[in-house]
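Below is one structure, written out as C-alpha cells; the observations come after it.
Each value in this text was obtained by applying a stated rule to the coordinates, not by laboratory testing. Note that the structure is a prediction, hence the values are computed from the model and not measured. Cβ sites come from the backbone with ideal geometry, for glycine too, and all protein chains shown count toward neighbours.
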Amino acid sequence: MHHAGVIEAVLALAAEAELFITTETEIDPSKSLPPALLETTAAGLSGLALAQAARGEFLGSAAESFWHAYGSARILRRPRLAALFGALGFLQLLRGELLGSATSLAFYGILLATHAEQARQAAGAHDAPSDATPSEPA
C-alpha cells in the first residue's frame, strides 16, 4: 500500500475495520549502538568489500544474493537494488553456486525464525479473546 498524507486517519480506519494489525515501532536509543561505531563499522565493511573485489571475489552465493534482494526490498525499500541482487542470485544459480557458508545460512535462519516468532506473538495478541463478556440472548 502506498499512502501520502496523514497516516493517522488510515491507521484509525484500518483498526476500526480490523483490516490488519497496526503497530508503531519506537527505537530505543539505549539499546542502539553509537552512531560513530556504526559509521566506523560501515566504513570498515566497505573497505573489506573493496579488498575482496581486488582479490576477484565479487559475488556471493545464490542464497546470499536472494537474501540481499529481500533485504533491499523490505528493509531498504529499494526495488532496483533488489532486482539487481535477484539477477545476481539467478546468475549464481546458473553457475552452480547455490549455498553460502554454514554460518551465513544459520544466521539467515535465525533471523527468519525470530521474525516468524514476533509475527506469531503479534497475531496472538491481536487474536486474544477480549475481557468483555458477551451479552445473554434475550
How would segment 30-126 be classified by its alpha-carbon gyration tensor: rounded, prolate or oblate, with rounded meaning a/c under 1.5 and the a/b versus b/c comparison settling the rest? oblate
Inter-probe distance in nm under a simple model that places probes 7 Å from Cα toward Cβ, at L91 and R120: 3.8 nm
